[in-house]
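Quick notes on the structure that follows.
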Amino acid sequence: MSKPVGPYAPIVRGGDLLFTAGQVGIADGAIVEGGLAAELRQVFVNLRSVLSSADASLTDVVKTTVFLTDMGDYAAMNEIYMEEFGDHRPARSAVAVKELPLGAKIEIEAIAAV
């Protein structure tokens, strides 16, 4: 699990729910190169790692929020998102934002039920 880039916990339990901090495509302290697709694949690596630290997985996720710096990336994001979640379809919101930490193009936060 990557070290948080700010003063927050990467995952917090509240009863039967796990709340993740937003995950960006960071590896070895920097945003991965290769654009949205590479960042999003790394986001999922990081999200799996954070969930695993609390004995959970993507199949436990019930809600995500996706933050995009460019809604023009929505279709490309959706394709990779569906590949990563497989047949599991958590509820989701997608929001356009002006910018994200470290110059990321995408960030995802999740809520899991365990």
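Where a number appears in this text, it was derived from the coordinates with a stated rule and is not lab data. Nothing here was measured: the structure is a model prediction, and the numbers come from that model.
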Run lengths n ≥ 4 of DSSP H only: what is the helix-derived mean residue ellipticity at 222 nm for the chain, with -39500 (n - 2.57) per run over all residues, to the nearest 500? -8500 deg cm²/dmol
Defining a contact as two alpha carbons under 8 Å apart and six or more residues distant in sequence, what relative contact order in percent does the chain show? 36
Mind sorting out which of (i) -0.99; (ii) -0.67; (iii) -0.84 is the real log10 I(q)/I(0) by the Debye sum over Cα atoms at q = 0.16 Å⁻¹ computed from the coordinates? (ii)
Pull up the DSSP beta bridges for the chain and report the antiparallel fraction as a percent, rounded to 5. 75
Segment A75-S52, extension gain: residue separation times 0.36 nm, minus the distance between their alpha carbons: 5.5 nm
